[in-house]
Each structure stands twice: as C-alpha cells, then as structure tokens.
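These notes concern the structure reproduced below.
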Amino acid sequence: MEKVRFTEEKATMLATLYGRALDARSDRPVLGDKAADEAVKQIDYDFGSLGVDGQLGLTVALRAKPMDDWAAEFLREHPDATVVQLGCGMDSRVYRLDPPSSVRWFDVDYPEVVDLRGRIYPARDGYRTIGTSVTDFGWIDEIPSDKPGLVIAEGLTMYLRPSEGEELLRRLIARFPQGGEMVFDTFSRLGIKLQKLNPVVRKANATLYWGIDEISELERLGLTLVSKLDSTDYATPEVKDRLSGSLRAQLWVAGLIPAFKKMGRILRFRF
Ligand SMILES: C[S@@+](CC[C@H](N)C(=O)[O-])C[C@H]1O[C@@H](n2cnc3c(N)ncnc32)[C@H](O)[C@@H]1O
C-alpha cells in the first residue's frame with residue numbers, strides 16, 4: 001500500500017480517481033475503468049473522507065467519457081500524434097484508450113503526483129510523465145513538435161490563474177506547428193463564485209480561479225470550437241434515469257437558466 005498525504009488541488013485528484021473506481025464497481029459502468037479501481041486498492045488513504053459517493057462517481061465518469069471519445073477519434077485519425085495530458089492526477093486515460101506505441105503520450109502534473117503514478121501504474125511504450133507545475137512553462141520544450149498534438153486537460157483549467165491559463169494554451173498551440181486539437185473542461189465565472197458548493201473542492205480545501213463564460217475568450221487565443229457540451233448535456237438519456245432525484249432536479253433547473261447551464265462545460269477545439 002502506498003501512503004499518501006495530498007492537500008488542496010492535489011487532493012482533488014484522489015476524489016476523481018475514487019469516483020472512477022466507484023463507477024467501475026457499479027452494475028452498469030460508464031467508463032469501466034478497472035485501473036482506477038486497482039489503483040484505489042493500492043493507495044493507503046481514507047477515500048471515504050472525500051465525500052464522493054456512487055452518484056458523484058457517475059458524474060465524474062460522465063465528464064470523462066466524452067473526453068475519451070473525442071481523444072480516441074483524434075487518435076484514430078492521427079495514429080502518430082503527440083498527446084499532452086495536463087493535470088493528469090491519477091487518471092488512467094492512457095490505459096483506457098490504449099493508443100498504439102506510435103503515439104507519444106505525456107502526462108503532466110506536480111512532481112509528488114507523478115511520483116505516485118510511477119509507484120502504482122505500469123510503464124508502457126511511448127508513455128512518459130513530467131513532474132512540474134504546468135505553468136512553469138520550461139517543460140513544454142521537452143515535448144516533440146514534429147507531429148500533430150492532442151492536448152487534454154480534465155479538471156484543470158479552473159485551478160489556474162486566468163493569465164497563466166491563457167499563456168499555457170498560447171504556448172501549447174505554438175508548440176505544435178502541424179496543429180491539432182484540445183479537449184478540456186471549464187467552469188464559468190459563476191461556477192468559480194459558487195465553488196464552495198462543489199463538495200470535492202470544499203473537502204480538499206482547494207481554490208478555483210479561472211472562470212470562462214464565452215467560447216470567444218478561448219477562440220481569441222487561436223482555438224476554433226469543434227464541439228461543446230454544457231453541464232446539462234453530459235448525461236445521455238439512458239444514464240439520466242440513474243441519477244438521483246435531486247441531481248435530476250438540479251439539471252432540470254440548470255436547463256432552464258442559461259447562466260447555470262454553462263456553469264460547467266466540456267469543450268473540443270481545433271488549432
Ligand atoms: C481535479 S484533479 C483532476 C485530475 C485528473 N485530470 C482527473 O480527472 O482525475 C486536478 C489535478 O490538477 C493538478 N493541478 C492543478 N494545478 C496544477 C498545476 N499548476 N500544475 C500541474 N498540475 C496541476 C492537480 O495536482 C490535480 O492532479
């Protein structure tokens with residue numbers, strides 16, 4: 001068992017890991033991420049303290065699923081792409097998608113986090129981690145720039161200061177002269193204001209900074225929108241039936257009020 005002590009934004013990745021593990025243990029998993037379940041069994045941590053239950057696990061899986069699908073689609077079209085996953089935490093997307101070894105995949109997070117990954121997950125061809133803050137931009141020089149790029153960031157943008165986040169995206173776009181895609185989720189400014197209502201953020205004592213209201217705020221950095229899912233669109237109709245009454249009610253209300261609808265989004269861009 002690997003004992004861990006993470007706080008603030010680093011602790012949130014234990015909540016999302018546990019959410020995916022609970023989804024994997026459920027009767028009808030959305031992601032079926034067995035590696036997440038195995039990882040949880042190897043980590044000595046009081047996962048119960050994170051406030052994550054089966055319902056929250058389902059919502060974590062529902063956020064990850066379209067990102068997996070979009071990434072898989074890009075990698076089918078570009079089997080020699082370079083993938084950079086920012087704020088990877090203990091996410092096992094590389095094992096879920098299992099790309100060919102012609103894909104070079106870099107998972108980036110703070111040194112303590114990638115150190116834990118190294119102790120839990122097996123090595124694989126074409127795969128590497130980089131232990132750094134994503135906003136200490138020197139790491140970008142380590143990324144090969146000779147192929148199309150796929151940048152993935154799940155549950156990260158909101159933790160960055162707006163100016164740092166924008167600079168990060170600009171530098172990554174510049175790193176891939178052959179172009180590519182970016183897949184990431186965002187919170188609106190209202191989502192940032194209401195952050196303490198988010199149980200994962202509250203329990204981890206983390207702080208969110210970057211709220212994005214309009215797609216144009218990202219397009220002016222050099223991105224072109226390909227697809228967009230508002231928080232009310234994450235659940236497919238068959239999965240909606242499995243959400244609790246209170247979650248369904250929240251989604252229904254959010255669907256009526258544009259400011260709530262776009263409080264959380266998953267976005268796919270081309271550059
Ligand atoms: C909510 S977790 C998401 C983890 C993972 N993407 C997932 O979906 O399970 C946020 C992650 O972002 C990482 N993070 C936040 N700010 C960061 C920064 N400046 N540099 C590197 N990683 C960062 C945290 O360490 C944590 O692993």
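The numbers here are math on the coordinates, done by the rules we state, and not lab data. Every value quoted in this text rests on a predicted model; they were computed, and no experiment measured them. Because the Cβ atoms are built from the backbone with ideal geometry, glycine has one as well, and the counts that use them run over all protein chains shown.
Counting just the Cα atoms, what span does the range 7-164 cover along each of its three principal axes? Round to the nearest Å and put the largest first.
That gives 44, 31, 30 Å along the principal axes, largest extent first.
Place a +1 charge on the Cβ of each Lys and Arg in the range 2-270 and a -1 charge on the Cβ of each Asp and Glu, then give the dipole magnitude about the Cα centre in debye, rounded to the nearest 20. Before the final figure, lay out the partial values.
Numbers: 38 positive and 41 negative charges, 121 e Å.
In total the dipole reaches around 580 debye.
Once amide H atoms are built 1.01 Å from N in the peptide plane, which residues 5 or more positions from Tyr127, or in another chain, come under 5 Å H to H?
Counting only residues 5 or more places away or on other chains, the set is Trp105.
In nanometres, what is the gap between the two model label sites at Arg124 and Ser216, each 7 Å from Cα along Cα-to-Cβ?
Rounded to a tenth, the inter-label distance reads 4.1 nm.
Cut-off under 16 Å on the C-alpha distance; same-chain residues fewer than 8 positions from Lys3 excluded. Which aspartates and glutamates are left, in chain and number order?
Glu38, Asp44, Asp46, Glu112, Asp115
Once you keep just the Cα pairs under 8 angstrom separated by 6 or more residues, what percentage relative contact order results for the chain?
Details: 479 pairs, mean separation 50.8, N = 271.
Across the chain, relative contact order equals 19 percent.
Could you let me know the centre-to-centre spacing of the range 223-264 and the range 75-104, using Cα atoms, in angstrom?
27
In whole Hz, with x marking every Gly and Pro, tabulate ³J(HN,Hα) for the range 26-34 from phi via Karplus 6.51 cos²θ - 1.76 cosθ + 1.60, θ = phi - 60°.
So the J values, rounded to whole Hz, are 6, 5, 10, x, 7, 9, x, 7, 5.
Out of all DSSP beta bridges with both ends in the chain, state the antiparallel percent to the nearest 5. Could the numbers behind the result be given before it?
Details: 13 of 36 bridges.
So the antiparallel bridges in the chain amount to around 35 percent.
Starting from the eigenvalues of the Cα gyration tensor, five times each then square-rooted, give me the equivalent ellipsoid semi-axes of the range 76-125, largest first, whole Å. Display every interim value, and only then the final one.
Working: eigenvalues 83, 26, 15 Å².
Semi-axes (√(5λ), whole Å): 20, 11, 9.
Mind running the shape call on the range 122-177? Use the C-alpha gyration tensor, a ≥ b ≥ c as the square roots of the eigenvalues: rounded below 1.5 for a/c, prolate if a/b tops b/c, oblate otherwise. Present the calculation step by step, with values, prior to reporting the outcome.
Working: a/c = 1.87, a/b = 1.32, b/c = 1.42.
The shape class here is oblate.
Want the number for Gln42 to Thr236: 0.36 nm per residue separation, take away the alpha-carbon distance, what's left? If you can, show how the numbers build up before the last one.
On the way: separation 194, 0.36 × 194 = 69.84 nm, distance 3.21 nm.
Here the segment from Gln42 to Thr236 would lengthen by 66.6 nm.
Expressed as a rounded percentage, what relative contact order does the range 29-144 have, with Cα pairs under 8 Å and six or more residues apart?
Details: 116 pairs, mean separation 26.7, N = 116.
Computed over the range 29-144, the figure is 23 percent.
Where a ≥ b ≥ c are the square roots of the eigenvalues of the C-alpha gyration tensor, would you call the chain rounded, which needs a/c under 1.5, or, failing that, prolate if a/b is larger than b/c, or oblate? Write down the numbers at each step before the final one.
Values: a/c = 1.41, a/b = 1.12, b/c = 1.25.
Cα axes put the chain in the rounded bin.
Return the single residue from Ser244, Ser133, Ser145 with maximal mean-square fluctuation; model: Gaussian network over the chain, springs between Cα atoms under 10 Å.
Judging by the Gaussian network model, the answer is Ser244.
Take the alpha carbon gyration tensor of the range 126-271, find the square roots of its eigenvalues, order them as a ≥ b ≥ c, and report rounded if a/c is under 1.5; if not, report prolate when a/b exceeds b/c, else oblate.
It is prolate, given that a/c is not under 1.5 and a/b is the larger ratio.
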